Structure formats: structure tokens, C-alpha cells
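The values are calculated or read from the model by the stated rules, or taken from the named source; none is laboratory data. These numbers come from a predicted model, not from an experiment. Neighbour counts run over all protein chains shown; Cβ positions are idealised from the backbone, glycine included. To get the accessible areas, we keep the full protein, side chains included, count just its heavy atoms, and leave off ligands, DNA and RNA. Shrake-Rupley method; radii C 1.70, N 1.55, O 1.52, S 1.80 Å.
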Amino acid sequence: MHTMNADIVVVGGGPAGICAAIAAARQGMKTVLANNRPVLGGNSSSEIRVWTRGATGAGNLFAEEMGVWGELKLRNLYANPDANAILWDDVLLDRSMQEENLTVLHNLHVTRATVQEGQITELGGWQLNSEREYCLCGKIYIDCTGDGTIGKLAGVAYHVGKEASDTYGETFAPEHEDASTQGNTILYYIKKSDHKVDFIPPSYAFDIDTVENLINRGGRVVNESMEGSDYWWFEYGGRLDTIADIQEIGLELRRLVMGVWNYIKNSGKFSADNQTLEWVGTYPGKRESRRMVTDYVLTQNDILERRPFSDGVCYGGWYIDRHPSDGFGSELESCEQIPVQVYEIPLRSLYSNTVPNLLFAGRDIGTSNIAFASTRIMNTCALSGQAAGTAAAWCVANGCSISGINDDAATMIRRSLLRDDMLIPNCKNDDPADLARSAMITASSWSEAVCGKATGETSVADDSFITFPMPEKWDIRLLVSATGKTTLSGQYFCADLPSRYKPGDSLGSMTLEVLAGQQQWIAMPKPEKDSADGFITLVLKENTDIVIHTESTQRTGILCGSVNSPHYFYPCLTAGYERLYAPQNIVNGYNRPWLSPNLWIAGDEANPWVELEWAEPQRIGEVRLCFNPDLSREIPSSRTKTWDESHRFAAREGMPPELARSFRIEAYHKESWKTVAMEE
């Protein structure tokens, strides 16, 4: 028996668990992360290889998840630009090993929880291969198992399956309760050889006739170039117990995988002679199992109405993404994706006061089945992990259990999360300890958001959008070309954060006569309804006679493109902005786009600077800088060389050009400037 004592014990090494453990450790808490697998990453690991996605992948602009998870994704983008799943494992391991307060225990499966007087006093489990039994003793525990394993062991109520529509008043829920869930998936990777490679299928594989009966319906398509997450519809187990029946589910999925590959290799319908399997998952990726009954259960209505919460600690923005429980055997479409805008998740959905020293993060947080269809996505799970880790650290630091999280405590936790680069919708920094808020701000210059030279163009042949911040004075002009006299029509919307699919509140329609001609500036009419602030999105109806001219300079907050495409452009648009990127933005309370870009962009100079000055000397404990990594595009954990267009994903090429490469911090001390930090 090996006993380990810690302030915080996190169980589960997926995105939620990693972020919870790192967040807690960085708050100075001795933290143990127990992971029942040999690698970190959960469904994103090299064992399963589902790429990480979230709000931006579902069409929300400037919404890519940051914080601890964003740090890991950016490190991966830099060190692993080809998004190799093996190297993603190593990015996660490397970062966890750098945290001095964090101990990771791999291959440790927790099987028991000791509960005394309503609180967990210890967890026990076996570590595979070492033949060791561990006893983990902590002050606060965080269940990031996905299956709610610790919550179940501790006696917390949970739900599996679909609630009836009248349970939470949800219109998308079924009329009657249903115990079925979304199923599990196994993926595969392929490679091309320089010679013909035969494939002799195993006896258990589905035969060619069976595969033909399963595919080409409901979006279930196969071909010789598809691999990885293209085959997310390899789904099974929704009518079984996705925990207890995991072996049966895994074997049935393997029958499908080998059957599909046999069909591709031996049906004579594909050019796959030189292709072979490079990797096949052996561990099914799980979508759904237990959801814990927490102090607040997030519902469909919370998401669609974007309800604000006084204890909101993170956000979601992926579709309400529901799959048929019959999986690959269903006659229904393989999924139904309902777009949503960015919404809040409250801290109360991360705990149940029935066990006041236990928090939840990831798939097992308190949601209805409909809300779960959105919150289950990995980027959102990671954010809930950071929120849980931060809340747990606050409880330990203040010597209290979760029941001690009152309104004041929630405010303190939210402030800490904002410091650590979390977006909390509708929440701005009001931390009295933030000295920058009282500083006088000056800078060498700032960009006036002037449009650059036209270097490209994008067609309006499909329904398109143009997004830009509300200008101080309406004077919007757009550079277009028209092959003939035509009418450009569309509708204006306003939102805190824009979206291609859910652009916000309608401000009225727009029609504009455009004459034939090349590179002409057209004045866009003012919306019928006024809006004080926010992002304006003009959704244009398709018009094959019009192209919008684009520039190469990236002006954060100003984008255009097709409604149904993740490929974005920077429109040649003028608005008379004067202070859009002024230095005062760095202390306006928002550390990323919300209502406005909220950043300082220097003018065209070699060595720009920004200065914070106070009337009296200040004792500075730390300086935190948030640089701009282009939050309009996804940063996935891994990807294959090619992917199906249905994913609506655009790969980055290199690091974001907006992101700072180097900086220097100087302090005026004893009548002179001294460099106190430098990064190259």
C-alpha cells in the first residue's frame, strides 16, 4: 500500500483532468493526478486520436478556448506543427512534468472511495503493471473521469440517458424518458506504401455485403483517403451500458473497422492497392455515460437563451450535437448539429453539496442530456477542468469545503480565472488587486485600423458574412467589384461575440444597388435598429455578380467569408475607427474579444512600446501579458493529412502572425529604466 497525501486529488487524465491539475498546482496546491491510462489526453490522446474542437469549430468567431488548455494547444502548434498525435501526448506529459506541485500517477485505476460524515477521506486503486495499491488522501477531490466514477463511489446521484421533455421544459428532449446514450468510436489511420499491400481480413470482420448495407446513408461515407476523425460515425453502444459493456462495444467496433477496410481494399471499388493500415485504435473513445446531479443542472434553455450566472466560470459554444443511439446501424442521419452562441457554465454545475469536498469537470458535470450534447466536446471539458481546479484551490487556501463557496467566494474564483486567461461571458475584470486598472496608459502609437491594399478577393456566390466592431460613427464602406448592375441584400445582426451560424440579434435588413465596375467603394446603409456596442455581422444573400476585395493585414475583429466555410478573409472595409486599438484597451477589463477586440495594436513602427504610470510608487508582484493568438481559427490537438469537408475545419500554417515573438519589460526604478524580464 502506497499512501499519498495532497491538497487536491484529481482523477482522470483527459483535457478536464489535465487542466484541473495544472490550475490547482499553479495556485500553490500539492496536487496528485491519477490517470488510469499510460498517456494523458483522454479521447485526444494517441490511443484514441479524436481531435480537440470547441466553440470556434462550431462557427463562433474569436472564441477559441484559451487558459491552460490554450497554452497547451499553442505549445503543440509550435512544437508539433503537423499535429502528430504522438507528439501531442508528449506536449501534455512535458507540461505536467514541469509543474513542481503536480505528481502524475499513470495506469492507476481508482476503485473505492471512503466517505465519512458525508465527505471523501481517501480514494483507493490499483496501478497496473507495478502491482501497487495506492491510497490517495486529499482535502478536495475532482472527478474528471468522464464516467463520474468518483461521484458514483461517493454516493452522488447521477443520470444516464435522455430525460423527458417535461423534466426541464426542453423542446428538443423526447416526450418520454429514454435510457439510451450516444455510443463509442474507434478510429484508424492509413499510409501509402511504394508497393502493393494485400489485406486478408480477420474472420470476425463484417463482410463486404454487411458494410455495403451500413454505408452511404445518413452521412456514413467511406473512401480510400478518409481516416482519423473522418470516421467519427463509427459509433456503437448507445443501446448498451457504455461502461459495463465496454468490451463488447470495443469488439463490435473493431469488427466494423476491419470490415470497412476490407471493403475498401477488396471490393474493387477503390484505388487502394498500395495503402495499408498504419494504426487502429484499441481503446474505444467514449461520448456519453453518467452525468452527475449537481447543485445546478445546465439545460437547453440556459444555452439557447444564453442565461447569465453570478457564478459563471467558463463557457461552451459547440453545437447541440446529438447522435442516434443506434450508431452505425441507425437509419437516421449520423448526427444533428444545432448551432449555438457562446454561453456560460456556472460553478454550481461542477459540484453537489451532498459531498462537499468533491468537484466534477468534463463530461460528467451537471447538465441535462440536451445541454450535454454541447458541453461534452473536449475544449469545453478542458475549460470546466480549469474552473474546477481553481475553485478547489480556493477552498483549500481558505480552509473550507465547497459549501463555503458563497457569492463573495464565487467572485474571487472568477477573478482568478480571468487572471489565468479564461473567458467568462458577460464578466470583466474588477479585481482591486490589479494595479494596471489604476494606471495612466500611454503608447508609442496605435493602429487606426485603416484598410490596407487590396491583395485578394472572395466571392459572394454563397451566403456570406462580414463582421466588424460597432464604429463610433457609422461610416462603413466596402471595396467590391461587380460584373454587372445588381442588388446586394442581407441582414444586420449584433452580438457580444459573432457567429457564422447564430450571428445575434437582428437589426434589420439591407438592400443596396451596386453598379457594374471594378474595385468600387460602396457605402453600407446604417441598420434599421440602433445598437450601443457589440460586433455587427452583415449576412449577405448569395450573389454571383459580386466579389469582396480582401487585404493581407489582419485587423482583429474584422472578418468575412462564406457562412458555411471556416476559411476567413480580411475585407477591405473602412469605418473611420479612431480608438479601436487604442492602448487604453489593455486595462478595460477584457483580456480577449468581447463586444470589441479589446486589444492594443501598435502602429507601423519597429519598436513599439506601451507604458503604465502611477501617481505614486507601486510594489509590483507580477506582470501578466495576454498576447493575441488569432482566436478566430481552431488550434486542434492532432489531425490527419487530409480531412473531409464536412468537418468545416481549416488548418493553420505556422504560428499566428499576430502573436508576439519577443518582448521586454522595463521598470522605472531609482531614476532609471531597468530591464526586469525579456523573452525572445
**Q.** Amide H within-cut-off set for Cys314, under 5 Å, with H built and near neighbours excluded
**A.** Ile345
Q) Of Pro597, Met524, Trp279, which is farthest on the positive side of the dipole of the chain, counting Cα position, with +1 on Lys and Arg Cβ, -1 on Asp and Glu Cβ, and the Cα centre as origin? A) Trp279
Q: Lys and Arg at +1, Asp and Glu at -1: add these up for the other residues within a Cβ distance under 12 Å of Ser506 and post the number.
A: 0
(Q) Within 13 Å, Cβ to Cβ, of Val460, how many net charges do the neighbouring residues add up to if Lys/Arg are +1 and Asp/Glu are -1? (A) -4
Q. In the chain, what percentage of the DSSP-assigned beta bridges are antiparallel, given to the nearest 5?
A. 80
Q. Can you work out ³J(HN,Hα) from phi for every residue in the stretch 152-167, in order, using Karplus 6.51 cos²θ - 1.76 cosθ + 1.60 and θ = phi - 60°, giving whole Hz and x for Gly and Pro?
A. 5, 4, 8, x, 6, 5, 8, 10, 10, x, 9, 6, 5, 4, 7, 5
(Q) What's the whole-number percent of alpha carbon pairs in the stretch 215-297 lying beyond 16 angstrom? (A) 60
Q. Along the charge dipole of the chain, which of Trp474, Leu418, Phe309 sits closest to the positive end, that is, farthest toward it, with unit charges on the beta carbon of Lys, Arg, Asp and Glu (+1, +1, -1, -1)?
A. Leu418
Q) Residue-wise, which Karplus ³J(HN,Hα) couplings in Hz belong to the stretch 321-330, taking 6.51 cos²θ - 1.76 cosθ + 1.60, θ = phi - 60°, and x for glycine or proline? A) 10, 10, 10, x, 5, 7, x, 5, x, 7
Q.
For the full complex of protein chains and a 1.4 angstrom probe, list Leu418, Leu87 by accessible area with the highest value first.
A. Leu87, Leu418
Q) Just how large is the dipole of the chain about the Cα centre, in debye to the nearest 20, putting +1 at every Lys and Arg Cβ and -1 at every Asp and Glu Cβ? A) 560
Q. Which value, in debye to the nearest 20, describes the size of the charge dipole of the stretch 606-680 about its Cα centre when Lys and Arg Cβ atoms bear +1, Asp and Glu Cβ atoms bear -1, and nothing else is charged?
A. 260
Q. Ordered by packing density, taken as the mean number of other Cβ atoms within 10 Å over each peptide's residues, highest first, how do 454-461, 606-613 rank?
A. 454-461, 606-613
**Q.** Integer Hz, Karplus 6.51/-1.76/1.60 couplings in order for the stretch 263-278, x for Gly and Pro
**A.** 4, 5, 7, 10, 7, x, 9, 9, 8, 10, 4, 8, 9, 9, 6, 9
Q: Whenever you get a sec, line up Thr442, Thr380 from highest to lowest accessible area (probe 1.4 Å, protein heavy atoms).
A: Thr442, Thr380
Q.
What is the distance in Å between the Cα centroid of the stretch 286-350 and that of the stretch 27-72?
A. 17
Q: Determine, for each peptide in 216-228, 367-379, 565-577, 390-402, the mean count of other beta carbons within 10 angstrom over its residues, then list the peptides with the highest first.
A: 367-379, 390-402, 565-577, 216-228
**Q.** Residue-span extension gain [Arg648 to Phe270] - 0.36 nm each, minus C-alpha spacing
**A.** 133.6 nm
Q | Point-charge dipole on Cβ atoms (K/R +1, D/E -1) for the stretch 124-228, about Cα centre, debye to 20 | A | 460
(Q) What is the sum of charges, Lys and Arg at +1 and Asp and Glu at -1, for the other residues whose Cβ falls under 11 Å from the Cβ of Arg419? (A) -1
Q: At 1.4 Å probe size, with no ligands or nucleic acids counted, give the accessible surface of Lys269 in Å², nearest ten.
A: 120
Q. For the stretch 112-205, what D do you get in µm² per second when you plug the Kirkwood radius from alpha-carbon pairs into Stokes-Einstein at 37 °C and 0.692 mPa s?
A. 175
Q. Which percent of the accessible heavy-atom area of the chain goes to carbon and sulfur, probe 1.4 angstrom?
A. 47
Q: Can you bin the stretch 584-631 into rounded, prolate or oblate? Criterion: square roots of the alpha carbon gyration tensor eigenvalues sorted a ≥ b ≥ c, rounded for a/c under 1.5, prolate for a/b above b/c, oblate for the rest.
A: oblate
Q.
As a test of understanding, state the convex hull volume per residue of the chain from its alpha carbons, in Å³.
A. 181
Q: Indicate the gyration tensor shape class of the stretch 13-155 (rounded, prolate or oblate), computed on the Cα atoms with a ≥ b ≥ c the square roots of the eigenvalues: a/c under 1.5 is rounded; otherwise a/b larger than b/c is prolate and the rest oblate.
A: prolate
Q | Residues whose placed amide H lies under 5 Å from that of Glu457, excluding near-sequence neighbours | A | Thr550
Q.
Given the options Thr483, Leu497, Val676, identify the residue whose Cα lies farthest towards the positive end of the charge dipole of the chain (+1 on Cβ of Lys, Arg; -1 on Cβ of Asp, Glu).
A. Val676
Q.
How would the stretch 599-680 be classified by its alpha-carbon gyration tensor: rounded, prolate or oblate, with rounded meaning a/c under 1.5 and the a/b versus b/c comparison settling the rest?
A. prolate
Q. What order do you get for 637-643, 674-680 when each peptide is scored by the mean count of other beta carbon atoms within 10 Å, highest first?
A. 637-643, 674-680
